[in-house]
1. For K455, give me every one of the aspartates and glutamates with a C-alpha distance below 14 angstrom, ignoring sequence neighbours fewer than eight places off in its own chain.
2. To the nearest 500 deg cm²/dmol, what mean residue ellipticity at 222 nm is calculated for the chain from DSSP H runs of n ≥ 4 alone, each contributing -39,500 (n - 2.57), summed and divided by the residues?
3. Can you tell me, using C-alpha contacts under 8 Å and at least 6 residues apart, the relative contact order of the range 560-633 as a whole percent?
4. Straight-line reach only, C-alpha to C-alpha below 18 angstrom: list the aspartates and glutamates that K366 could link to, leaving out same-chain residues fewer than 8 apart.
5. Using 1/(1 + (r/R0)^6) with R0 = 22 angstrom and r between the beta carbons of R193 and D168, what's the FRET efficiency to the nearest 0.05?
6. Among E256, E373, which comes first, second and so on when ranked by fewest other beta-carbon atoms within 10 Å?
7. Treat the range 10-223 as a sphere of radius equal to its Kirkwood radius over Cα pairs and apply Stokes-Einstein at 10 °C in a medium of 1.306 mPa s; give the translational diffusion coefficient in µm²/s, rounded to a whole number.
8. Among 11-24, 167-180, 233-246, how do they line up from the highest to the lowest mean number of other beta-carbon atoms within 10 Å?
Amino acid sequence: MPEPKQPLPYLIIDFDSTFTQVEGLDELAEIALQGHPQQEDIVGQIRALTDRGMSGEIGFQESLSQRLALLGAHRRHLAPLVERLKGKVSESIRRNADFFRQFAGRIYVVSSGFREFIEPVVADYSIDAEHVLANTFTFDEQGNITGCDPGNVLSQDGGKIRQLQQLDLEGDVYVLGDGYTDYQIREAGLANRFYAYTENVARPRVVAQADSVLPSFDEFLYQLKLPMTLSYPKNRIKVLLLENPDARAAELFRQEGYQVEEVRGGLDEEELIARIEGVSILGIRSKTQVTPRVLEAANRLIAIGAFCIGTNQIALPEAMSRGVAVFNAPFSNTRSVVELTLGEIIVLARRIPEKNPKMHQGEWDKSASGSFEIRGKKLGIVGYGNIGAQLSVVAEAVGLQVLYYDVAEKLQLGNAVKCRSLDELLQQADIVTLHIDGRPENTGFIGARELAQMKPGALLINNARGHVVDVPALADALRRGHLGGAAVDVFPYEPKTNDEGFESELRGLPNVLLTPHIGGSTAEAQRNIAEFVPERIMAYVNTGNTQQSVNFPNIQLPSQQAHRLIHIHTNVPGVLANINNVLAAHHVNILGQYLKTNELIGYVITDIDKEYDQEVIKALRGVEHTIRFRVLY
Ligand SMILES: NC(=O)c1ccc[n+]([C@@H]2O[C@H](COP(=O)([O-])OP(=O)(O)OC[C@H]3O[C@@H](n4cnc5c(N)ncnc54)[C@H](O)[C@@H]3O)[C@@H](O)[C@H]2O)c1
Ligand SMILES: O=C(O)CC[C@@H](O)C(=O)O
């Protein structure tokens with residue numbers, strides 16, 4: 001770890017809602033009032049008083065005495081309180097425990113909270129009792145808490161100021177806290193800087209006074225170039241989410257401490273180029289095209305999350321050669337597409353797309369003409385991947401005979417029969433359903449020639465990708481009555497938002513069911529996707545794990561007590577040897593290492609000893625053919 005060049009300024013750190021995520025007195029009230037019929041109400045009153053005191057709305061003295069009067073706590077409640085608070089130390093402080101242990105002599109915890117619970121919590125971070133300046137409780141003979149020692153300066157309004165005057169620290173003093181009384185230390189001229197600490201609570205009135213705002217302790221260490229556990233504060237990682245993935249996605253990224261920006265619809269190339277600068281993680285669905293030009297403008301991008309199955313909208317090779325890992329949700333909406341397809345097969349077989357609008361217009365058209373049962377009919381599944389294969393099983397269960405065709409060799413499920421060519425399938429099937437992927441070579445996969453191969457009156461379903469079907473040819477086959485109907489969920493051009501109109505030659509044609517790309521749009525699928533993709537991306541950012549990445553070599557290395565280095569390079573001979581030569585030349589011990597390559601890039605995770613200096617990092621960045629280098633922790 002690099003040592004700070006200057007002596008560390010004195011750090012005055014608040015305890016409640018800064019060192020810990022919570023207010024000690026609120027927690028004490030919860031413990032003391034357990035089982036009390038008005039527990040919720042009283043704890044609520046105590047929380048409100050805490051808040052009013054911290055934001056400077058009422059004097060501290062008033063807030064404290066009113067809270068103590070409501071508390072009803074006893075000495076025996078203090079031990080469980082300490083245990084609870086130890087588990088609620090702020091995440092970023094816990095993460096940087098080594099820093100506290102290393103610089104404990106320069107750190108004071110100055111709090112209007114109480115020594116009885118603060119001292120044992122901060123002792124775990126090597127902060128001595130003499131460096132804890134806080135109130136003390138008073139007790140009656142039975143051990144009930146009766147109030148606080150009035151002789152303690154911290155029990156009075158302006159107490160922190162007086163406490164700092166008494167401390168009389170020499171040199172620079174920085175104050176970190178979430179309350180107005182913390183700011184007042186700086187206002188009184190007793191500190192050089194006031195940092196509003198917002199990891200747990202952000203009070204606008206306090207933030208407005210701050211010299212700097214700290215969403216985490218990592219940010220403080222980063223700004224001061226002090227030793228830190230992470231190589232980069234998470235609050236500096238910008239996430240841009242487009243196309244409205246389930247709210248859980250933004251929630252998970254925010255919980256991790258990232259800055260999240262959301263845009264409801266898709267963005268076109270120029271719009272995305274204008275927004276992508278500084279973004280580290282981009283989240284999209286099927287609409288947004290991540291082109292080579294977008295990637296060129298993406299100066300900080302490390303990962304793209306496709307909140308869907310398809311990734312044909314992303315220039316994968318360019319992303320790879322720029323060191324941008326892409327993740328998707330390969331089976332989170334599979335079942336939803338299968339269910340929609342099965343429903344469509346029945347709906348088309350009964351000509352519902354014609355009958356339903358007539359009913360809404362008051363027309364009663366009862367007839368069996370052109371309607372059939374699906375039992376015993378031949379379903380031709382083109383693309384026997386995740387969706388195709390699952391559909392195969394479900395379709396057999398309702399009595400369809402399944403034929404399938406796939407370019408790859410696939411496990412034949414149930415009684416499904418493999419076709420050796422697309423034509424073989426098209427000529428036999430009563431219903432053809434497309435589940436191939438959107439690779440560019442599949443453009444126009446079903447055109448006039450293929451449609452002509454299909455049986456007269458057969459049905460076609462496209463829930464795969466819009467460009468795989470030649471839409472004018474399909475419209476022609478439907479108009480001529482060669483096909484009995486079609487269901488189409490995906491289109492070569494799809495509106496960017498729900499405010500844009502939909503144009504297609506298929507509109508108004510008989511027995512054609514059109515849906516707005518909703519194959520995967522179910523509550524279950526969207527929730528699954530919104531958890532799956534952020535989890536993969538966060539695992540990649542935090543540990544380098546690329547399992548399930550669609551364009552990176554897949555590596556997972558167990559985490560260990562070490563520094564982890566991530567190296568992405570062009571796949572040419574000798575790069576690993578050069579990395580290891582650099583490490584050897586700097587006497588750095590390798591604890592674990594894994595290299596995997598694909599056609600374009602090599603990806604190496606190296607775990608090294610705790611000790612290294614910045615020269616090694618510089619030298620590793622300089623290794624020839626490096627695309628990207630990151631120190632993870
Ligand atoms: N409508 C929707 O909302 C929706 C939802 C999810 C997925 N999708 C799309 O559905 C499609 C299938 O998804 P999946 O998860 O099953 O994908 P998958 O990758 O598991 O399966 C695709 C299969 O198609 C085969 N294939 C590719 N090109 C082929 C060709 N020319 N001829 C024959 N077989 C070919 C592949 O070998 C593979 O087995 C994808 O295009 C995906 O984007 C659409
Ligand atoms: O919901 C989407 O935008 C895309 C759904 C689907 O096409 C997919 O690829 O998963």
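Since every read-out is calculated from the coordinates, none of them should be taken as a lab result. Since we're looking at a predicted model, the values are computed, not measured. With ideal geometry, Cβ positions are generated from the backbone for all residues, glycine too; neighbour counts draw on all protein chains shown.
1. Answer for K455, where 14 Å is the Cα cut-off: D423, E424, D430, listed by chain and number.
2. -10000 deg cm²/dmol
3. Across the range 560-633, relative contact order equals 50 percent.
4. Reachable aspartates and glutamates: E354.
5. Taking R0 as 22 Å, the efficiency between R193 and D168 is 0.75.
6. E373, E256
7. Estimated diffusion coefficient is 92 µm²/s.
8. Listed from highest to lowest mean packing, they are 11-24, 233-246, 167-180.
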